[in-house]
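We did not get these values from a lab; they are worked out from the coordinates using the rules stated. Please read all numbers here as calculations on a predicted model, not as lab measurements. As a convention, Cβ positions derive from the backbone with ideal geometry for all residues, glycine included, and neighbour counts pool all protein chains shown.
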Amino acid sequence: MTHSLSEQPMNATSPNRPLHTLPQPWLLRSVFAHCQEGILVTDAHKTIIDANPAFTLITGFTREEVIGKKPHILSSGRHTALFYQNMFIDVAEQGFWSGIIKNRHKDGSHFIAQTTITAVYNDAGKLSHYFSIFRDVTQHQLSQARLERLAIHDPLTHLYNQEHFTNALGNLCEGLRYTEAGLALLFMDLDDFERVNDRHGHTAGDELLVEISHRLKRMMRSIDLVARFGGDEFMVALPGMASLDMAESIASRVLREIMRPYILSNGQCVQVSGSIGIVFATHPGSTAETLMDMADAAMHDAKQNGKNCTVTAQDSPESRSNDTFIRIRNAFEQGELTLYYQPIIRLADLKTVGFEALARWHHPSLGTLGPKHFVDVLTCSSLCHPFAQWLIRKAGRLARRFQDLNTQAVIGVNLTQEQIEAGFFLRTLGETRDELGLVSPFVTIEIHESSQFHDLDLTGNQLHEACQLGATVALDDFGTGISSVTYAAELPIDTLKIDRTMIKSLVHRPDQREFVRGVTLMAQAMQRQVLAEGVESEAQLNLLRELGCDLAQGFYLGRPMPEEELERYYLAPKATPRYPLVPLGNSHATAIR
């Protein structure tokens with residue numbers, strides 16, 4: 001018969017005896033019975049053999065109801081079989097798994113559990129049990145979701161704010177590759193809105209903005225995006241438009257609706273009009289920034305034409321973006337794109353442990369151009385995946401050069417949300433590792449905090465597989481957005497990269513030092529490393545070392561350099577770099593494991 005740890009009789013023990021002298025069974029029973037986290041114990045075949053009282057409080061299932069059952073009695077159906085397979089692969093390889101699981105309560109409701117599953121081995125080294133410790137974090141997650149909602153909505157009108165709208169519009173532009181329909185953008189500015197504020201007060205002006213937002217929302221479909229860009233400017237994105245005529249018809253209806261009188265809460269009647277700029281796109285090379293700039297220019301033309309009218313951008317984004325795409329495609333195919341490498345320094349011993357690869361365009365007439373001139377076109381076009389494959393192969397070849405000298409430098413490459421979710425890069429990663437005989441890890445996949453992943457479970461699975469193929473994962477621009485902690489907790493992140501904006505005034509601002517200290521402590525608890533970007537002085541470097549930061553990069557430590565310069569400075573026979581390389585097998589990717 002199976003007995004609960006908490007049900008077994010305790011031996012009399014003096015309360016004043018040190019913990020380390022207490023009989024082990026007594027201590028185990030006490031922890032099991034009084035722990036506020038739920039504890040579930042199974043045998044090696046994953047059959048439940050015990051559960052503590054907190055398990056019942058959290059799940060609603062009594063110990064007797066689950067004994068002899070499998071843990072999937074708690075399954076909510078929100079995770080795939082692959083999710084659980086990968087989870088137990090981690091347990092087998094690392095001895096434990098930690099993460100978020102969406103479970104089911106006895107009453108059928110769902111709850112979110114922060115869970116750690118650990119394998120237990122007997123003295124002979126054979127697997128004997130698993131135990132899971134978890135706590136209900138549903139309310140915390142819901143609070144975070146509310147904060148995320150506040151982060152993407154305008155606080156007055158509850159429409160999308162400018163930042164979120166821009167990101168979402170970028171996704172719609174990307175989606176043009178998969179549809180034959182067009183995308184229309186309407187940029188509306190209210191005419192003479194300041195007169196309402198001057199005559200009736202700012203409270204009345206805010207009330208009018210709220211009512212206008214309601215009218216816009218009622219007119220639009222569920223798939224349309226409506227945003228307030230601040231002040232009296234509104235932006236509407238209309239995906240799936242069959243023609244420009246349809247978009248112009250909708251803009252005219254918006255103007256008529258906006259013109260209808262408004263009765264304010266003070267009884268006053270006000271009337272306003274608007275000027276709308278329209279742009280229509282069907283080409284997949286269009287970017288959010290290009291469309292918004294063109295709609296903005298068209299809106300100002302409408303103002304110049306007498307207000308209360310619409311103007312359609314005459315220079316189509318298709319012609320602009322298609323010309324740009326052709327130029328950049330030719331540059332990519334003809335080898336005009338190259339990589340510069342910025343060193344990453346381990347602060348414990350001031351040694352070079354890796355490099356971040358930064359794309360540059362050697363333009364034949366304009367000189368060397370930074371990524372803002374071409375990366376968006378590459379990653380929002382048919383070149384998206386070939387570009388990712390090129391990055392990984394270049395990183396692998398450079399990593400091989402270092403390993404040939406019995407040193408190890410992990411090369412960081414930036415991949416987008418689509419490149420990761422599509423997963424085509426995984427094959428290139430495995431082929432590069434095998435063809436070049438690389439020791440892992442040889443590459444770091446950097447993902448940006450601003451990435452809008454559609455499915456975190458899918459993203460996590462893709463990145464887990466990448467780690468098995470020789471990669472580590474870094475979260476770039478950590479601390480600049482609401483998704484930072486979520487990504488750090490739910491994705492297999494090795495390194496948190498603190499954005500340069502949080503380092504810039506580190507010496508003079510105590511709050512930035514406390515931020516770095518807090519991130520460092522959190523990362524240590526999560527078994528992650530912290531990398532500070534934008535280090536530009538010795539004072540910043542010394543402070544980061546005092547704060548416990550693991551890694552750093554910036555102009556003070558080394559500027560981005562072309563491969564020929566890197567060759568002379570690090571790989572030449574008599575090279576003596578300021579920050580020496582580390583021996584093979586001693587890179588930053590394995591420093592904390």
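Protection proxy ranking of 381-387, 218-224, by the mean of other Cβ atoms within 10 Å over each peptide's residues and highest first, is 381-387, 218-224. Over the stretch 24-94, the Kirkwood radius and the radius of gyration, each from Cα atoms, give a ratio Rg/Rh of 1.00.
Here the contact order of the stretch 106-256, divided by its residue count and restricted to Cα pairs under 8 Å and six or more residues apart, works out to 22 percent. Largest first, the extents of the alpha carbon coordinates of the stretch 106-238 on the three principal axes equal 83, 43, 27 Å.
Evaluating 6.51 cos²θ - 1.76 cosθ + 1.60 at θ = phi - 60° for every residue in the stretch 219-229, the Karplus couplings come out as 7, 9, 7, 5, 8, 7, 10, 10, 9, 9, 8 Hz, glycine and proline recorded as x. Here the Kirkwood formula, the inverse mean of 1/r across different C-alpha pairs, assigns the stretch 379-496 a hydrodynamic radius of 14.3 Å.
Stretched out straight at 0.36 nm per residue, the stretch from A348 to E465 would grow longer than its current Cα-Cα span by 39.1 nm. Here the extension length gained between R568 and Q36 equals 185.6 nm, from 0.36 nm per residue of separation less the Cα-Cα distance. Here the relative contact order of the chain, from alpha carbon pairs under 8 Å that lie six or more residues apart, stands at 9 percent.
The radius of gyration of the Cα set in the chain, together with its Dmax, comes out at 28.9, 92 angstrom. Each residue of the stretch 387-401 was assigned a 3J(HN,Hα) from its phi angle through the Karplus curve 6.51 cos²θ - 1.76 cosθ + 1.60 (θ = phi - 60°); the sequence is 5, 4, 5, 4, 4, 5, 5, 4, 4, x, 5, 5, 4, 4, 4 Hz, with glycine and proline shown as x.
When Rg and Dmax are taken over the Cα atoms of the stretch 431-548, they come to 15.6, 49 Å.
Per-residue ellipticity at 222 nm computed for the chain from its helices equals -12000 deg cm²/dmol, with DSSP H segments shorter than 4 residues left out and the rest contributing -39,500 (n - 2.57). Based on Cα contacts under 8 Å between residues 6+ apart, the stretch 22-98 shows a relative contact order of 19 percent. Altogether, the Stokes-Einstein calculation at 4 °C and 1.567 mPa s, with the Kirkwood radius of the stretch 67-160 over Cα pairs as Rh, returns a diffusion coefficient of 82 µm²/s.
Per-peptide packing, taken as the mean over residues of other Cβ atoms within 10 Å, places 568-581, 28-41, 529-542 in the sequence 529-542, 28-41, 568-581 from highest down.
Our summary of shape: the Cα atoms of the stretch 220-344 have principal axis extents of 67, 41, 32 Å, ordered from largest down, in whole angstrom. For the stretch 296-439, the share of alpha carbon pairs falling in successive 10 Å distance bins from zero is 10, 29, 28, 17, 9, 5, 2, 0 percent.
For the pair R500 and L57, a Förster radius of 41 Å applied to the C-beta separation gives a FRET efficiency near 0.35, rounded to the nearest 0.05. Where the alpha-carbon atoms of the stretch 193-246 are placed on the principal axes, they occupy 42, 19, 16 Å, in descending order. Near the amide H of V443, within less than 5 Å, lie the amide hydrogens of I411, T472, all on another chain or at least 5 residues away, with H placed in the peptide plane.
Multiplying the residue separation of A44 and S76 by 0.36 nm and subtracting their alpha-carbon distance yields 9.2 nm.
Shown is the FRET efficiency for S252 and R199, computed with R0 = 30 Å from the Cβ-Cβ distance and rounded to the nearest 0.05: 0.60.
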